[in-house]
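The next block holds one structure in the form of structure tokens; read it before the comments.
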Amino acid sequence: MTEEKKLVIASAYFASDKVIFAVRDDGAATGFRVDKVDAAGESVPDDQKMEEDLHSAVEGIKNLLTHTEKLRAVVLICPGPFRTIDKDSHLYGEISHNAEVRYWRKKNAIELFRKRLISEMGADTEDSEIYIYNQAGATAVGEYLHIYGNKIKRSKSRGKLHKQLGNHLYVVADYTIDAALIVEGEPFHGLSTMNVGHHAVIPVDEDDQTLELLQNRTHPERPCLNSLASLDAIKKRWSGMRSEEFSCCTDKSKISRIAFYIAQMLANVILSVSPAKIVIGGRIKDNPHMIPMIRQHIDYLLRDQENPEIYPGYPQINDLDSFIVEQDYRDSGVKGGLHVLARTLIKEHDESNIASFEAYKKGLYPL
């Protein structure tokens, strides 16, 4: 008699420099295993990079599985924006034509991954479910659980838990700048995901030549955060400066300029939704001066100028060191993806359990 295989779920996170993948037991928040490899490098033609990274993810997940395990479902944590987040749409899985990571544009990540999965792992994976999720959103979930996990485990009331923890904003400042919001324990979604990289920001002390160089071709008349402060913008601004050079940069005027544009976006979000905490990840924050400068600019932008001792109704601003913090858990994205996937599977297949607080605490319904 053939022994029935244990079901596992998996996530694959496609960062600019790494492909990170993880698996865990289906049905419990245990058995978490994670690994990573370098993303496709400069030697790989741009039109082949996405497929190469998908191949790396399939191989990585395959290597994490044992011969007694079967893959139930996978979530692909991809650069966006996506054409749709409606799972019933024939466009589900397709990256939008205006995605900042160009070699993912107008390709369907789910379809391409499924072909790879069946080709490399066999017919056993034909019925595996595949989903797609936003990178900032998955990381926001992972950070929320990392920061508040012990409180979740100890809490006896979901309502009390939400009152205690409020909400938080996660920002990834990298090749592009993205963000996700957790509101009372739930990832916030409108008709699409947040896209703060295209927030309008006010250029300060920029000459016409620089503004033309950094112009966003999608909306050339409206300077945005991506065009002025992303790693792509940094590279264009200062003669090809890459992330490694920027992380070691000691020129306070350069760091302050980038920090000020990010702070403009954060000030608008704070005034809109008043998060309890802001967590900043991505390679831009690797410069040790970046987050302290963002805090300084937030203080300047939101302080009441007539009454400097009074903040305008936002008490969290009184302690900026604990309000705006650096992401300190490297696997938040891929682990958050597993939790998002577990939640999705319960909602898709067993709606009677989605309100179970015990499932919530175990990670079956993590947010």
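For the stretch 208-217, the set of residues classified as part of a loop (DSSP other than H, G, I, E, B) and either outside the structural domain of W238 (by TED's automatic domain parsing) or in contact (Cβ under 8 Å) with a residue 24 or more places away in the chain (or both) is empty. The one condition from (1) surrounded by fewer than 17 Cβ atoms within 10 Å (Cβ to Cβ); (2) modelled with pLDDT of 95 or more that A12 does not meet is (1).
Rundown of residues vs (1) touching a Gly at 6+ places or on another chain (Cβ under 7 Å); (2) in the same structural domain as L169 (by TED's automatic domain parsing); (3) closer than 21 Å to K62 by Cβ, yes/no style:
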site	(1), (2), (3)
H97	no, no, no
V101	no, no, no
K106	no, no, no
I110	yes, no, yes
F113	no, no, yes
I118	no, no, yes
G122	no, no, yes
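The condition of being out of contact with any helix residue (DSSP H, G or I) (no Cβ under 9 Å at 6 or more places or on another chain), closer than 20 Å to A342 by Cβ and among the aliphatic types (A, V, I, L, M) holds for only one of I132, I77, I85, that being I85.
Can you find a residue that is on the phi < 0 side of the Ramachandran plot, in contact (Cβ under 8 Å) with a residue 24 or more places away in the chain and among the hydroxyl-bearing types (S, T, Y) anywhere in the stretch 305-321? Yes; the residues of the stretch 305-321 include at least one that is on the phi < 0 side of the Ramachandran plot, in contact (Cβ under 8 Å) with a residue 24 or more places away in the chain and among the hydroxyl-bearing types (S, T, Y).
Given the structure, is R295 under 18 Å from A179 (Cβ atoms) and in contact (Cβ under 8 Å) with a residue 60 or more places away in the chain? No; evaluated as a whole, the condition is false for this residue. A count restricted to the stretch 88-122 and to residues that are at pLDDT 90 or above and hydroxyl-bearing (S, T, Y) stands at 3.
Listed by position, the helices (runs of 4 or more DSSP H) inside the stretch 218-299 whose residues that are within 19 Å of the chain's Cα centre (by Cα) and in the same structural domain as S322 (by TED's automatic domain parsing) number at least 3 are 225-229, 252-273. Annotation: of all residues in the stretch 300-313 being of a type outside the set (K, R) and surrounded by 14 or more Cβ atoms within 10 Å (Cβ to Cβ), the one that is farthest from I262 (Cα to Cα) is Y311.
The values are calculated or read from the model by the stated rules, or taken from the named source; none is laboratory data. This one's a predicted model, so the numbers in the text were calculated from it and none came from an experiment. Methodologically, a virtual Cβ is constructed for each residue, glycine included, from the backbone with ideal geometry; neighbour enumeration extends over all protein chains shown.
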